[in-house]
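Structure first, then comments.
Quick note: the coordinates plus some simple rules give every number you see, no bench work behind them. Values in this document were obtained by computation on a predicted structure and should not be read as measured data. A quick note on method: Cβ atoms are made from the backbone with ideal geometry, for glycine too, and the neighbour counts reach across all protein chains shown.
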Amino acid sequence: MSYRFDWNLVTDFRVMWQFEFMRNAFEAGTVIAIVAGIIGYFVVLRRSAFATHALGHVGFSGAAGAVFLGLNPVIGLLAFTMSGATGMALLGRRAATRDIEIGTVLAFMLGLGLLFLSLYKGFATEAYGILFGEIEGISNAAVVLTLEASVVVIAIVLVVYRRLLFASLDEDVAEAKGLPMAGLGLLFMLLLAVAISIAVQVIGVLLIFALMVTPAGIAVRLTKSPFGAIVVAVLVAVFSVWLGLFVAFFEGDLPYPPSFFIVSSSFFLYVGVRVAQAAYGRFLQRGRGDVHPSPSATHGSA
């Protein structure tokens, strides 16, 4: 049965919330968006977008291994992302210069994933949900697990916030001040691994950037304040998830997954911010009279 959007948001939300699967999707999606916004800010600050991308693919290999062994895919996903994050952090001491180490770990983990896929032929259904997310299929138990894991991640971030922020802004100065850079780097990578593992059920490993990087990319363009950027990143991530779920529910009988709308909303917000900033910059230049002479005029005067 399909439902029509009638422009009364209160009524529309009541219609959606009468279904348990939509309540679970909104609850888990909101919690995951909050964690993604917080961790994503540090991902952008530490220039670790490639690590985020790599850990998502590493998690897919772990999920494939877990399914092959008859275990919950989340167990394998979490085990592989955390072990992969540990390897990346220990092999590459600097967050901004560990691309080779990340690529090396990624290649090995993907090799394992290929092995698991070749050993287990019935992985197609589970693979689709892990690759692209399956937020409308989240159970009550998964919501509780997501909330518990998110609380732990946020609590740890609050404890190490100042030191992690300092280390992310300037690694050289932070190291000179005596901060444990190796320990902070490892801790952050483990937090990133957990955040990715719980976010996969919403957005999937192939689309992880939509929640983990894009909102934070928007935030750092709108404000220079660390706390303000985190708030903006969280708000953008939550808005993207809510809008994606909302549109997916009222789209009718079209077979478009919520992940597509979540990704699209965050993408167009990012493009909109970039376009608006470029237009504003040109407006300021015209207002200041920063008009450069044309080449023909320059040549004529010469």
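Look at the alpha carbon pairs under 8 Å that are at least 6 residues apart: their mean separation over the length of region 14-208 gives a relative contact order of 36 percent.
Note that region 132-245 carries a Kirkwood radius of 15.5 Å, evaluated over its alpha carbons pair by pair.
As a rough guide to protection, the peptides 45-51, 12-18 ranked by mean Cβ packing within 10 Å, highest first, stand as 45-51, 12-18.
Ranking ILE100, VAL200, LEU71 by how far each Cα lies toward the positive end of the dipole of region 14-208 (charges on Cβ) leaves ILE100 at the top.
Summary of packing: across the peptides 34-42, 164-172, 82-90, 213-221, the per-residue average of other C-beta atoms within 10 Å ranks them, highest first, as 34-42, 213-221, 82-90, 164-172.
Candidates PHE42, MET16, ALA149 compared by Cα position along the dipole of region 14-208: farthest toward the positive end lies PHE42, with charges placed on Cβ.
In this simple spin-label model, placing a label point 7 Å from the Cα along the Cα-to-Cβ direction at both SER264 and VAL10 gives a separation of 2.9 nm. Sorting 106-114, 272-280, 58-66 by their mean Cβ neighbour count within 10 Å, with the most densely packed peptide first, gives 58-66, 106-114, 272-280.
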